[in-house]
1. When only residues in the range 45-57 that are in contact with a strand residue (DSSP E or B) (Cβ under 9 Å, 6 or more places away or on another chain) and among the hydrophobic types (A, V, I, L, M, F, W, C) count, which is most open to solvent (accessible area, probe 1.4 Å)?
2. List the pairs whose first member sits in the range 121-140 and is in contact (Cβ under 8 Å) with a residue 24 or more places away in the chain, whose second member is open to solvent by 50 Å² or more (accessible area, probe 1.4 Å) and polar (S, T, N, Q), and whose Cβ atoms are under 9 Å apart, counting only residues at least 6 apart or on separate chains?
3. Report, ordered by the first and then the second residue, all pairs with beta carbons closer than 6 Å, sequence separation of six or more or different chains, a first member in the range 29-41 that is more than 22 Å from THR133 (Cβ to Cβ), and a second member that is part of a loop (DSSP other than H, G, I, E, B).
4. Could you count how many residues in the range 74-99 are touching a residue at least 60 places away in the same chain (Cβ under 8 Å) and aliphatic (A, V, I, L, M)?
5. If the requirement is being in a helix (DSSP H, G or I), open to solvent by 40 Å² or more (accessible area, probe 1.4 Å) and under 17 Å from ILE94 (Cβ atoms), which of these qualifies: TYR42, TYR22?
6. So the check is Cβ under 9 Å with 6+ separation or different chains; which pairs have a first residue in the range 141-155 that's closer than 12 Å to LEU124 by Cα and a second one that's part of a loop (DSSP other than H, G, I, E, B) and open to solvent by less than 100 Å² (accessible area, probe 1.4 Å)?
7. For residues that are open to solvent by 60 Å² or more (accessible area, probe 1.4 Å) and farther than 19 Å from ALA105 by Cα, tally how many sit in the range 1-16.
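The values are calculated or read from the model by the stated rules, or taken from the named source; none is laboratory data. Just so it is clear, the model here is predicted, and its values are computed rather than measured. Cβ coordinates were reconstructed from backbone atoms using ideal geometry, including for glycine residues, and neighbour counts include every protein chain displayed. The accessibility values were calculated without ligands, DNA or RNA, using every heavy atom of the protein model including side chains. Shrake-Rupley method; radii C 1.70, N 1.55, O 1.52, S 1.80 Å.
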Amino acid sequence: MQLIPMTDAEFADYLAVTTPEYAAEHVQAGNWTAEEAEEKAYAQMKELLPEGPRTPDNYMYMLHVDGETEPVGLIWVAITRKPHKTSAFIYDIIVHEPYRRRGYATEALNAVADKARELGADSLGLHVFAYNTGAHALYQKLGFVETDIIMKKPL
């Protein structure tokens, strides 16, 4: 798996597709209303990536594998540096539909873990929505453990 830095054009495409999907995930999870979701999603992306793919300590990669002419997906990881701890957090990982179920997500997660180690991180975290049971199972298989669980009850 090769991690190739995302270009400005790829970043624009990413925002155009992913931000509405992210908004819909928050609606499905019950966090936001449909009316407010897209605006909140775009605001959150602007806050996290004020300089787009060149935002300091954020690494946005297209996923390339031998034998494929197009990227098979993408991954975004951010590094947080504190006086006695450096951690990495995966904000997004996408394997495009035609390339799923080939082990590319596993390869990408392992490659970004190596990259995070190179950048000085001593841990790698991510978020998964509770309804995404397939991703949850993959992350557990790769050694991720739950650190916080938020639960809610509809009234």
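1. Per the stated criteria, the residue is LEU48.
2. Matching pairs, first to second residue: ALA121/THR80; GLY125/THR147; PHE129/GLN28; TYR131/GLN28.
3. Every condition considered, the pairs that remain are LYS40/TRP32.
4. 3
5. Within the list TYR42, TYR22, the selection yields TYR22.
6. Close Cβ pairs (under 9 Å, with a partner that is part of a loop (DSSP other than H, G, I, E, B) and open to solvent by less than 100 Å² (accessible area, probe 1.4 Å)) amount to PHE144/VAL128.
7. Selection size over the range 1-16: 5.
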